[in-house]
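Scroll down for the structure; my scribbles are underneath it.
The values are calculated or read from the model by the stated rules, or taken from the named source; none is laboratory data. Bear in mind that the values here come from a model prediction, so they are computed numbers and not experimental data. Please note: Cβ atoms are built from the backbone with ideal geometry, for glycine as well, and neighbour counts cover all protein chains shown.
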Amino acid sequence: MILNVTGLTKNFGGLAAVKNVDFHIRKGEILGLIGPNGAGKTTVFNLITGSIPLSGGSVVFESREIGRICHPHRICKMGIGRTFQKVKPFPSMTVLDNVLAASFCCCNCKSDATEKAHEVLDFVALSKKKDYLGRQLTIGDRKRLELAKALATNPRLLLLDEVMAGLTPTEVNDLLIVISKIRENGVTIFVIEHIMKVIMTLSDRVVVLHHGEKIAEGTPEDIARNPKVIEAYLGEEAAIA
């Protein structure tokens, strides 16, 4: 296993946003994370990446306990990259410089960082827009830039938080191909997504959260037939995108 999470808990005052959640991710697989809005999905990502402290539980990455390391830059350097649901590129910096800033996480000099940035931009098909400013990009290209910044940190585990949200069907299909290639390159992927086509296509297994608790785990086919999941999530019209 590349990641093993046990008893994951986060309380905000009297509210338990995540309650005693267990799951693991095997090296090389894609694990999906779904659930209604407010189920605690992004909070799980924030706990794993050290953005917020745990209230309880354990996060073990490559046999090392990281649950108490509340420094996202340290977690990132260890090999866990992520995207954010709300993409916010540096608006006055070029696309290349946005990615260059991220590549210094794994590169010690500017020449190596620049080479890495160009390599990643080629991979996500943004090279032709490398001189655009962040604020000039469409939402589709901002999503690709967000993915490029995460890849530039050279992750072994990549967390994708609704990277398909707001995209056209064609853009979704194109990005599905890119994410499949990321996995082929040896990166393990943990993905939050509301678009069921994406989850069903990409995921080897799916974990379902509801009110901060895990209510199901299994293959996409098993999850789609699970009565608890249908009642809590798949039966909601807004969730079937």
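A single entry from GLU193, GLU231, GLU171 fulfils the requirement of being surrounded by fewer than 18 Cβ atoms within 10 Å (Cβ to Cβ), in the same structural domain as ALA39 (by TED's automatic domain parsing) and closer than 27 Å to ASN20 by Cα: GLU231. Within the stretch 61-79, the residues that satisfy the criterion of being in a strand (DSSP E or B) and more than 17 Å from the chain's Cα centre (by Cα) are ARG64, GLU65. Taken as a whole, the structure places VAL59 among residues that are crowded, with 17+ Cβ neighbours inside 10 Å and in contact with a Gly (Cβ under 6 Å, 6 or more places away or on another chain). Applying the selection to the stretch 4-34, what residues are of a type in the set (Gly, Ala, Ser), at pLDDT 95 or above and not in a strand (DSSP E or B)? Passing the criteria: only GLY28. Could you say whether any residue in the stretch 170-177 is acidic (Asp, Glu) and touching a strand residue (DSSP E or B) at 6+ places or on another chain (Cβ under 7 Å)? No, that holds for no residue.
In the stretch 158-171, the residues that are among the β-branched types (Val, Ile, Thr) form Cβ pairs under 8 Å with partners that are buried (at least 19 other Cβ atoms within 10 Å of the Cβ), at six or more places apart or across chains, as follows: VAL163/THR83; VAL163/LYS143; VAL163/GLU146; VAL163/LEU147; VAL163/LEU175; VAL163/ILE179; VAL163/VAL191; VAL163/GLU193. In the stretch 26-35, what residues are farther than 13 Å from ALA216 by Cα and more than 13 Å from the chain's Cα centre (by Cα)? Selection gives ARG26, LYS27, GLY28, GLU29.
Being over 23 Å from the mean Cα position of the chain (by Cα) and touching a residue at least 24 places away in the same chain (Cβ under 8 Å) is the filter; apply it to the stretch 91-116 and report the residue that is surrounded by the fewest Cβ atoms within 10 Å (Cβ to Cβ). Within the stretch 91-116, the match that is surrounded by the fewest Cβ atoms within 10 Å (Cβ to Cβ) is SER92. The conditions of being within 26 Å of THR9 (Cβ to Cβ), under 17 Å from the mean Cα position of the chain (by Cα), of a type in the set (D, E, K, R) and modelled with pLDDT of 95 or more are met by ARG82. Exactly one residue out of ILE52, ILE75, ILE69, ILE48 is under 27 Å from CYS107 (Cβ atoms) and in contact with a Ser or Thr (Cβ under 8 Å, 6 or more places away or on another chain), and it is ILE75.
Suppose the filter is in a strand (DSSP E or B) and either aromatic (Phe, Trp, Tyr) or out of contact with any helix residue (DSSP H, G or I) (no Cβ under 6 Å at 6 or more places or on another chain) (or both); does GLY57 pass it? Against the criterion (in a strand (DSSP E or B) and either aromatic (Phe, Trp, Tyr) or out of contact with any helix residue (DSSP H, G or I) (no Cβ under 6 Å at 6 or more places or on another chain) (or both)), GLY57 qualifies. For the stretch 100-134, the candidate set comprises residues that are among the hydroxyl-bearing types (Ser, Thr, Tyr) and in contact with a helix residue (DSSP H, G or I) (Cβ under 7 Å, 6 or more places away or on another chain); within that set, the residue that is farthest from GLY79 (Cα to Cα) is TYR132. So, GLY79, is that one crowded, with 16+ Cβ neighbours inside 10 Å, farther than 25 Å from ASN185 by Cα and not hydrophobic (A, V, I, L, M, F, W, C) or not? Answer is no for this residue.
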